[in-house]
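Okay, so here's the structure we're looking at.
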Amino acid sequence: MISLADLLTLGRLILVPFILFYFQRGSYSVAFILFLIAGATDLIDGTIARVLKRQTRFGAVLDPIADKVLMGSIFACLWFSQVIPLWFFLLVVGRDVMIMSGLAYLRWKRIVVALNPLWTSKYATLMQLGTAIFGILAFLYPGSGWIWPFSVYLNIFLYAAATLIFISGCLYVRRGIRILKGN
């Protein structure tokens with residue numbers, strides 16, 4: 001049975017093509033609002049699953065996929081729009097491909113592992129959300145901001161996200177090696 005948290009995760013995945021459509025069409029404000037809705041589901045679906053004690057295998061598999069598709073898509077838009085640098089886009093996508101490839105390899109080897117994200121990965125996702133939000137704001141309102149221009153906030157989140165992505169990538173590699181040595 002699909003839980004409320006699973007439905008939120010599924011909704012996030014369903015929103016991605018609409019975000020891409022509106023961004024490509026030049027309806028950036030609509031794309032931004034849809035991204036905010038999708039990002040909000042990312043922040044609350046896991047909490048709802050834990051509070052209602054309705055964590056499912058389906059949600060455990062779908063949630064990281066939905067996260068990776070959402071963030072990869074929005075960062076592709078921001079890279080094509082020259083808001084974020086290519087190295088950041090490649091870092092995000094590269095780590096995600098590495099994680100998914102590692103999980104696929106373990107599954108192929110019939111090694112069962114718990115899909116528990118690292119704390120660095122959770123914070124990296126949060127920093128990526130901030131990067132995307134301020135990236136879109138910097139794109140929509142260049143030179144505008146609160147105390148500083150949105151581009152300053154973008155850079156703070158971008159470098160914080162990059163650091164956490166790199167660290168979590170290294171920790172996932174270490175975890176993978178330990179799992180392989182244990183089997």
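A short reminder: the numbers here are calculations on the coordinates, not readings from a lab. Keep in mind that this is a model prediction, so the values were computed, not measured. Here the Cβ positions follow ideal geometry from the backbone for every residue, glycine too, while neighbour counts run over all protein chains shown.
What the table below lists for this structure:
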| quantity | calculated |
| --- | --- |
| Modelled FRET efficiency - R0 35 Å, Thr163 with Arg110, Cβ distances, 0.05 increments | 0.50 |
| Val97/Trp146 FRET efficiency (R0 30 Å; Cβ-Cβ; nearest 0.05) | 0.30 |
| Shape category assigned to the range 21-123 from the gyration tensor of Cα positions, a/c cut at 1.5 | oblate |
| Theoretical gain in end-to-end length, Ser27 to Val61 [0.36 nm per residue, Cα-Cα removed] | 9.1 nm |
| Sequence-distant residues sharing a close amide H with Gly145 (under 5 Å, placed H) | Phe150 |
| Contour minus Cα-Cα distance for Leu86 and Phe18 (0.36 nm per residue) | 22.1 nm |
| Cα gyration tensor, the range 17-78 - rounded (a/c under 1.5), prolate or oblate | prolate |
| The range 112-127 and the range 59-98: distance between their alpha carbon centers, rounded to Å | 15 |
| Helical contribution to [θ] at 222 nm, DSSP H n ≥ 4, -39,500 (n - 2.57), averaged over the chain, rounded to 500 | -28500 deg cm²/dmol |
